[in-house]
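First the structure, in the form of C-alpha cells, and then the observations on it.
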Amino acid sequence: SSFSEALAQHPKIFNRLFVNMVRAGEAGGVLDVTLNRLAEFQEKAQKIKNKVISAMVYPTVVIFVALTILVFLMVVIVPKFKEIFNDLLEGKSLPGLTLFVIAVSNVVKDQFLLVAGVIAALVIAIKLLGKTVKGRYYLDLFKLNAPVFGQLIRKVAIARFTRTLGTLVASGVPILQALNIVRETAGNAVIAKAVTQVHDAVKEGERIVEPLEASKVFPPMVIS
C-alpha cells in the first residue's frame with residue numbers, strides 16, 4: 001500500500017484533510033514539503049484553538065459569577081426587600097416592575113427544582129435540535145450572529161476555512177476536491193452551505209468570488 005492508503009485506515013487519527021494532502025504530495029513527488037506544511041498547519045491550528053479558549057475564559061467566569069449573584073439576590077435579598085416594602089407602604093400597591101421581580105424571586109425560591117428542571121430540559125432540547133440538519137443550521141446561524149461571541153466564532157470558522165483551503169491548494173489537491181474536504185472540516189453548517197454553493201459554482205465554470213459574496217457569510221476582506 002501507499003503511505004496515504006495506510007494513513008486512511010486510521011480515520012480517527014488522520015482525517016480526510018491529512019490523507020488527501022499526503023496523497024497529493026505522493027502524486028507530485030513533494031511528500032517532504034507536504035508533510036512539513038501539514039506540521040505547520042496543525043501547529044497553527046492548535047495555537048489558534050488555545051487563543052480562543054484563553055479568550056473565552058474571562059467572559060465565561062464573568063457570566064458564571066453574574067448568574068450566581070443573580071440567584072443569590074432572587075433567593076435571599078429580594079424576599080427581605082418585600083417585607084420592608086410591605087411595612088413601609090402599609091398595604092399600598094407596589095409598582096408593576098417591582099411586583100414582577102418579586103414574583104420571579106418567589107418562583108426561583110419556592111420552585112427551584114422546577115426551574116432547574118426547565119433549564120436542563122431546554123439544554124437537552126437544544127442538543128437534540130443540533131443533531132438534526134435544519135436544527136444544526138439554525139443553531140450555527142445563531143452562533144455567528146450572537147452578541148459578543150458571534151464575531152469571534154465567525155472569525156475562527158472563516159480562518160479555518162481559508163487556512164485549510166489554502167493548505168490543500170498549495171499541496172496540489174484539485175480545487176473541487178479541496179472544497180469538498182473544507183466543507184466537511186468547516187465545523188459550522190452555515191459555512192459548509194456557503195462552501196457547497198462555491199463548489200457547485202466552480203464546477204459550472206464560475207469563479208469563487210461570486211458565490212462567496214452571495215453567501216453573506218464572508219467579510220469583504222476575504223472576498224477581495
Take the stretch 187-224 and flag every residue that is part of a loop (DSSP other than H, G, I, E, B) and more than 21 Å from the chain's Cα centre (by Cα). Glu204, Gly205, Glu206, Arg207, Ile208, Ser224
Subset of the stretch 155-169, residues surrounded by 15 or more Cβ atoms within 10 Å (Cβ to Cβ) and in contact (Cβ under 8 Å) with a residue 60 or more places away in the chain, comes to Val156, Ile158, Ala159, Arg160, Arg163, Thr164, Thr167, Leu168
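Matching residues to (1) open to solvent by less than 80 Å² (accessible area, probe 1.4 Å); (2) free of Cβ contacts under 8 Å to residues at least 40 places away in the same chain; (3) hydrophobic (A, V, I, L, M, F, W, C):
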position	(1), (2), (3)
Gly29	yes, yes, no
Leu35	yes, yes, yes
Glu40	no, yes, no
Tyr58	no, yes, no
Thr68	yes, yes, no
Gly96	yes, yes, no
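Can you find, within the stretch 174-186, the residue that is nearest to Gly25 (Cα to Cα) among those that are over 24 Å from the mean Cα position of the chain (by Cα) and exposed (fewer than 15 other Cβ atoms within 10 Å of the Cβ)?
Start the filter on the stretch 174-186 by keeping residues that are over 24 Å from the mean Cα position of the chain (by Cα), which leaves 174-177.
Still in the running and exposed (fewer than 15 other Cβ atoms within 10 Å of the Cβ): 174, 176.
Working: Pro174: 12, Leu176: 17 Å.
Selected residue: Pro174.
Taking the options Lys143, Lys127, name whichever one is open to solvent by 70 Å² or more (accessible area, probe 1.4 Å) and without any contact (Cβ under 8 Å) to a residue 40 or more places away in the chain. First the steps, then the outcome.
Values: Lys143 fails: without any contact (Cβ under 8 Å) to a residue 40 or more places away in the chain.
Every option except Lys127 fails the conditions.
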Give just the number: which of (1) among the hydrophobic types (A, V, I, L, M, F, W, C); (2) open to solvent by 80 Å² or more (accessible area, probe 1.4 Å); (3) closer than 30 Å to Phe14 by Cα does Ile48 not satisfy? (2)
List, please: which pairs have Cβ atoms under 7 Å, are six or more places apart or on different chains, and start with a residue in the stretch 1-13 that is free of Cβ contacts under 8 Å to residues at least 24 places away in the same chain and end with one that is open to solvent by 50 Å² or more (accessible area, probe 1.4 Å)? Ser4/Arg23; Ser4/Glu26; Leu7/Phe14
Pairs, first under 17 Å from Ala186 (Cα atoms) in the stretch 211-224, second open to solvent by less than 40 Å² (accessible area, probe 1.4 Å) and part of a loop (DSSP other than H, G, I, E, B), C-beta under 8 Å, six or more apart: Leu212/Phe218
Residues satisfying the stated conditions in the stretch 145-173, i.e. of a type in the set (A, V, I, L, M), closer than 18 Å to Met56 by Cβ and either over 13 Å from the mean Cα position of the chain (by Cα) or not in a helix (DSSP H, G or I) (or both): Ala146, Val148
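The values are calculated or read from the model by the stated rules, or taken from the named source; none is laboratory data. Worth saying up front: this structure is predicted, and the values here are computed from it rather than measured. Please note: Cβ atoms are built from the backbone with ideal geometry, for glycine as well, and neighbour counts cover all protein chains shown. Remember, those area values only see protein heavy atoms, side chains included, never the ligands or the DNA or RNA. Shrake-Rupley method; radii C 1.70, N 1.55, O 1.52, S 1.80 Å.
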